[in-house]
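Below is one structure, written out as structure tokens, with a few remarks after it.
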Amino acid sequence: MEEVARLTRPDRVHWCDGSREEYDALVAGLVRDGGLIPISGGQFENCYLHRSDPSDVARVENLTFVCTADREDAGPNNHWMAPDEAHRLLDGLFEGCMRGRVMYVVPYCMGPIHSPLSRCGIEVTDSAYVAVNMHLMTRMGAAALKRIESEGRFVKGMHSTGELDPERRYIMHFPEELSIRSFGSGYGGNALLGKKCHALRIASWQARQEGWLAEHMLIVEIENPAGEKRYIAGAFPSACGKTNLAMLIPPDELAGWKVRTIGDDIAWLHLGDDGVMRAINPEAGYFGVVPGTNRRTNHNAFEMLQKDAIFTNVGLTSDMEPWWEGRKSGVPALNWKGEPMKSGEKAAHPNSRFTVSARCNPVYSPMAEHEDGVPISAMIFGGRRARLAPLVMEARDWRHGVLMGAAMASGSTAASSDSGKGLRRDPMAMKPFCGYNFADYFAHWLGFAPRSDKLPRIYHVNWFRQDDSGNYLWPGFGENLRVLQWILDRCGKRADALETPIGNLPRREDLNLKGLNIGREALDSILAVDIAGWREEMESIAQYLAQYGERLPKALLNEHARVARALG
Ligand code: OXD
Ligand code: MN
């Protein structure tokens, strides 16, 4: 810390202890200097609004680097810079950057504080907004510091908002040194280093070395009417409904089912000595996408946002309530930049976010605090696909499931400033987050098969099929539980499926459709396999995989060839 302070020259150093008093004092300071605006109008209690610099509203994938000694280790899926060059560049930027500012030292623990599966880090930052967000998102402060002192090993993260100049903005990872440098952005995914930088990019690297998985996955607990609890992990790209799925509200027709959240964004998965894969959620809070959240789509999330939440880049009503598109009540007076609303413009930024502690979630599962994690029965992969991908399909085995994950694709969303338009391949929803070469990552995934005969079953789902006029064919939200029910019934050998070249699909009679309002044609089309379309899709997957060259595991190519052959 002394070394960092010598380089960055802060006026003062503050070691965060994680107490409620500290949180309140940091918030009060932010309110004084305009970094947070109290917005406790109407139903909202102890909530705040942060307006970020308009150039700094999303992750910046083109400025995010993995700096490994050998470029090939970062792979074609990452931007790369040589570590010494990156350090020279970043040391230059950090030099004196905290003059006139406070340097906050934030010790944090990713995962339950006493779990052997958890890992710690320290983030040094000159942003009080980052420090309060870390309070909500991680187990931070004295207890984490104690663990760090006894373990001696932790991820070293340095962050400065700099001048918020997009030309001087870099998010750099040094997996071989277990360190992170982030400069020039205050946006969550770039600045809350415990989340994407540590728990995914650095952790995925460590996980490969140590034989586990760090994944961009929600973890949900599902209790059936007989009281049996099962756990599903699901990888979806950013802004594809992970938070909603993790807090799903069962439809009236599925009375007796209960759904609780373990995590909404990241899972760390370990194989136990008994061959069971168990997962922890390394986070302790949510940094969720706001637009679209309302009482109907996600009653639990809406409740959770009314107390002790920090909003970033939403609009405001005239009585100081936060407002966003899809809130379904109230009228915005100011847009997310704080300007009076003009007709036709959006009040909230499409990537506006809420930060809230998991403790505020009315369906937070006590099992999320369990040191051993929860046993995972099934893993699901999914993206936004208007065409082709059916509602759900089951991989015939682990290897087929890895191919399904590797071939994932999704329409672009607002969570990244540069994900472009149209469909992009996003293997396991990890394109922006895998801290090493995807070819090695696929091999690492494949390597689990011989280690256990109790691995989770793998599925691919698609809630986002559209008809030719762009209407969604599947109602989504709570009704997705019907698909999860089929998946769990398959895992318990209680449901049938039709074997097809692309995987096992439910027939309409295999799904619980009681009381569901969906037309026959719509259902038929989301349960159909378009053979010609899939032949083209396999071609496109082959082209995508080709960029990983010789390093790509042969088993994945063989699996691809097997499916392509089955399609004829
Ligand atoms: C997130 C993201 O913030 O994936 O979770 O962008
Ligand atoms: Mn995410």
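The values are calculated or read from the model by the stated rules, or taken from the named source; none is laboratory data. Owing to the predicted nature of the structure, the values given are computational and were not obtained by experimental measurement. Here the Cβ is made from the backbone with ideal geometry for all residues, glycine too, and neighbour counts use every protein chain on show.
Mind checking which residues of the range 42-71 are among the aliphatic types (A, V, I, L, M), within 25 Å of LYS346 (Cα to Cα) and out of contact with any His (no Cβ under 9 Å at 6 or more places or on another chain)?
Scanning the range 42-71 gives LEU49, VAL60.
Considering only residues that are charged (D, E, K, R) and under 17 Å from HIS50 (Cα atoms), which ones fall in the range 347-370? Walk me through how you get there before you give the answer.
As a first pass, look at the range 347-370 and keep what is charged (D, E, K, R): 353, 359, 369.
Across the range 347-370, the qualifying residue is only ARG353.
Evaluate the following for LYS554: is it without any contact (Cβ under 8 Å) to a residue 60 or more places away in the chain and on the phi > 0 side of the Ramachandran plot?
Numbers: without any contact (Cβ under 8 Å) to a residue 60 or more places away in the chain: yes; on the phi > 0 side of the Ramachandran plot: no.
When the stated conditions are applied, LYS554 does not pass them.
Restricting attention to the range 352-359, does a residue exist that is away from ligand 1 (no atom under 15 Å from the Cβ), more than 20 Å from ASN480 (Cβ to Cβ), at pLDDT 95 or above and more than 17 Å from the chain's Cα centre (by Cα)?
There is at least one residue in the range 352-359 that is away from ligand 1 (no atom under 15 Å from the Cβ), more than 20 Å from ASN480 (Cβ to Cβ), at pLDDT 95 or above and more than 17 Å from the chain's Cα centre (by Cα).
Looking at the range 166-201 only, could you name the residues that are assigned to a helix (DSSP H, G or I), over 21 Å from HIS135 (Cβ atoms) and in contact with a helix residue (DSSP H, G or I) (Cβ under 9 Å, 6 or more places away or on another chain)?
Matches in the range 166-201: PRO166, ARG168, PRO175, GLU176, GLU177, ARG201.
What's the number of the condition TYR108 fails, among (1) out of contact with any Asp or Glu (no Cβ under 7 Å at 6 or more places or on another chain); (2) within 30 Å of ASP273 (Cβ to Cβ); (3) assigned to a strand (DSSP E or B)?
The one condition TYR108 does not meet is (1).
In the range 224-260, what count of residues is obtained for those that are assigned to a loop (DSSP other than H, G, I, E, B) and either aliphatic (A, V, I, L, M) or within 16 Å of ligand 1 (Cβ to nearest atom) (or both)? Quick ask: steps written out before the conclusion?
Taking the range 224-260 and keeping what is assigned to a loop (DSSP other than H, G, I, E, B), we get 224-228, 236-241, 247-251, 255-257.
Narrowing further to those that are either aliphatic (A, V, I, L, M) or within 16 Å of ligand 1 (Cβ to nearest atom) (or both): 226, 236-241, 247-249, 255.
Of the residues in the range 224-260, 11 are assigned to a loop (DSSP other than H, G, I, E, B) and either aliphatic (A, V, I, L, M) or within 16 Å of ligand 1 (Cβ to nearest atom) (or both).
Against the conditions (1) of a type in the set (S, T, N, Q); (2) surrounded by fewer than 19 Cβ atoms within 10 Å (Cβ to Cβ); (3) assigned to a strand (DSSP E or B), where does GLN206 fall short? Just the number, please.
Checking GLN206 against (1) of a type in the set (S, T, N, Q); (2) surrounded by fewer than 19 Cβ atoms within 10 Å (Cβ to Cβ); (3) assigned to a strand (DSSP E or B), the one that fails is (3).
Which condition number does VAL13 fail, the rest of (1) within 28 Å of the chain's Cα centre (by Cα); (2) in contact (Cβ under 8 Å) with a residue 24 or more places away in the chain being met?
That leaves (1) as the condition not met.
Sort out for me the strands (runs of 3 or more DSSP E) sitting completely within the range 395-502 that have 1 or more residues that are farther than 29 Å from LYS229 by Cα.
Values: elements: 409-411, 423-425, 457-461, 498-500.
Of the strands (runs of 3 or more DSSP E) lying wholly inside the range 395-502, those with at least 1 residues that are farther than 29 Å from LYS229 by Cα span 409-411, 423-425, 498-500.
Among (1) in contact (Cβ under 8 Å) with a residue 60 or more places away in the chain; (2) in contact with a helix residue (DSSP H, G or I) (Cβ under 6 Å, 6 or more places away or on another chain); (3) assigned to a strand (DSSP E or B), which single condition is HIS159 missing?
For HIS159, the failing item is (1).
Which residue, of GLY272, GLY292, is touching a strand residue (DSSP E or B) at 6+ places or on another chain (Cβ under 9 Å), over 22 Å from LEU192 (Cα atoms) and either within 12 Å of ligand 2 (Cβ to nearest atom) or not aromatic (Phe, Trp, Tyr) (or both)?
The conditions single out GLY272.
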